[in-house]
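Engineer: Just passing along the structure, written as structure tokens.
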Amino acid sequence: MAEGSPAQRFKCTNCSADMEFDPASGGLKCPYCGTAEAVVEQPAKAVSENPIDQVDPARFGKLSDKALQVECSTCGSIVEFEPPEVAGFCPFCAAKIVVQAKSADPLISPDALLPFSVPKDNASGQLRQWLASRWFAPSDLNKLAQPDGLSGMYLPFWTFDAEALTSYSGERGEYYFETEYILVRDANGRESRQARQVRHTRWYAASGRVEDSFDDILIPATKSVDRGKLDALDPWDLPSLRPYEPAYLAGFKAQRYQAELPEAFESAKGRMEAAIRQTVLRAIGGDEQRIHSMTPQYSNITFKHLLLPVWLGVYRYQGKVYQVLVNARTGEVQGERPYSAGKIALAVIAAIILLIVIFAISR
Ligand SMILES: [Zn+2]
Ligand SMILES: [Zn+2]
């Protein structure tokens, strides 16, 4: 191995074991002798934006020289990791991985990541609290809160920056009031005319152009976790992004992106159009607005590939897969849980017995 290659850098200088990234200290730590080392970031690799339409071939690479990958034949996720990590079970669907790990295929290299800052013990603690507040969860769901119940996973995301110039046409509605008279009958049956103000809207044609500028529109590139739960893990402290270094991967796994750039950019467009709509409504002004057409033209589109850290627990119960995610920056837990039919039945029986006892006493 060449000097300074990742393979050499992560060997413990004291006992030559493989060092792991330590969320508590934010550096590398030897799991055997405790020797600590800082993550050395390459000065040239500042977090950079990339044009989307011409992905530079130099942007493709492996997560690290030694990175391996396995593909789950059940859910199709591709997970990458460095030895001595192994992939015995799929961290997303809990299926046994039967294929041999192979050297990782090149991918658009991550530009940046948020390092793990919530240690596994803390994540397990958060998960235990979360489980404790879930009634009727099957007892062996508690396995997830055991040390080996969670796997540290970097999930893939894209972020986009873009400028949008949007031509629009629509109508501006302005309110005006007219006095109308109505007949009112009082208690004695006498009728009288009363004036009241009635609101009407006059519509004027409106068209023009608006400019919007977007920064860091975050789009998940994973399809292996529930989108709603993933969105609920927001916010991510993106200002704390670090330039990607393989050292951050030591001891963790990373999922290979499943949404390619063009597909992800379509999702980003959806988000941007919602914002552009608001800009157009403001530009039209007046009291009410109608938009007939809106044509955004995007320019200066750049992307970044990000990895964001989660502790992932996966659980099979009666043939269904349940996932629990812990945001490894904030400790926030999002997940689904099965209901134990046995526990519910026991609770119902207990309630019936209680009612019978109350009934017997009160007689
Ligand atoms: Zn050591
Ligand atoms: Zn799987």
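Please treat every number below as a calculation from the coordinates, not as lab data. Every value quoted in this text rests on a predicted model; they were computed, and no experiment measured them. Positions of Cβ are generated from backbone atoms using ideal geometry, with glycine treated the same way; all protein chains shown enter the neighbour counts.
Engineer: For Q146 and F359, what is the calculated FRET efficiency with R₀ set at 35 Å and r taken between the beta-carbons, to the nearest 0.05?
Structural biologist: 0.25
Engineer: Going by a ≥ b ≥ c, the root eigenvalues of the Cα gyration tensor, does region 62-179 fall in the rounded group (a/c under 1.5), the prolate group (a/b larger than b/c) or the oblate group?
Structural biologist: Oblate.
Engineer: Taking the chain as a Gaussian network, Cα atoms linked when under 10 Å apart, which of L183, L165, L107 shows the biggest mean-square fluctuation?
Structural biologist: L183
Engineer: Another one. Sorted by mean Cβ packing within 10 Å, highest first, what order do the peptides 122-133, 187-198 take?
Structural biologist: Answer by packing, highest mean first, reads 122-133, 187-198.
Engineer: May I pose another question? Dipole of region 153-304, Cα-centred, from +1 at each Lys and Arg C-beta and -1 at each Asp and Glu C-beta, to the nearest 20 debye?
Structural biologist: It comes to approximately 400 debye.
Engineer: How would region 108-252 be classified by its alpha-carbon gyration tensor: rounded, prolate or oblate, with rounded meaning a/c under 1.5 and the a/b versus b/c comparison settling the rest?
Structural biologist: Since a/c reaches 1.5 but b/c is at least a/b, the shape of region 108-252 is classed as oblate.
Engineer: Where does each of 87-99, 51-63, 20-32 land if you order them by average Cβ count within 10 Å, highest first?
Structural biologist: Working: 87-99: 16.2, 51-63: 13.1, 20-32: 18.2.
Packing order, densest peptide first, comes out as 20-32, 87-99, 51-63.
Engineer: Expressed as a whole number of Å, what is the distance separating the alpha-carbon centroids of region 72-89 and region 181-221?
Structural biologist: Cα centroid to Cα centroid, the span is 57 Å.
Engineer: Would you mind putting 234-240, 304-310, 114-120 in packing order, based on average other-beta-carbon counts within 10 Å, highest first?
Structural biologist: Per-residue Cβ counts within 10 Å, averaged per peptide and sorted highest first, yield 304-310, 114-120, 234-240.
Engineer: Checking the a/c ratio against 1.5 first, then a/b against b/c, what shape does the Cα gyration tensor give for the chain?
Structural biologist: oblate
Engineer: Right, something else. Could you point to the residue in V198, I217, G149 farthest towards the positive end of region 136-247's charge dipole, with +1 and -1 charges on the Cβ of Lys/Arg and Asp/Glu respectively?
Structural biologist: V198
Engineer: Something else now. So what's the angle, to the nearest 10 degrees on a 0 to 90 scale, between helix 261-284 and the longest Cα principal axis of the chain?
Structural biologist: On a 0 to 90 degree scale, this one is about 30.
Engineer: Beyond 23 Å between alpha-carbons counts as too far, so tell me which of K120/K320; K66/K223; K253/K304; K62/K269; K229/K320 fall in that bin. Intermediate values should be presented prior to the final figure.
Structural biologist: Working: K120/K320 25 Å; K66/K223 25 Å; K253/K304 20 Å; K62/K269 29 Å; K229/K320 17 Å.
Beyond 23 Å between Cα atoms: K120/K320; K66/K223; K62/K269.
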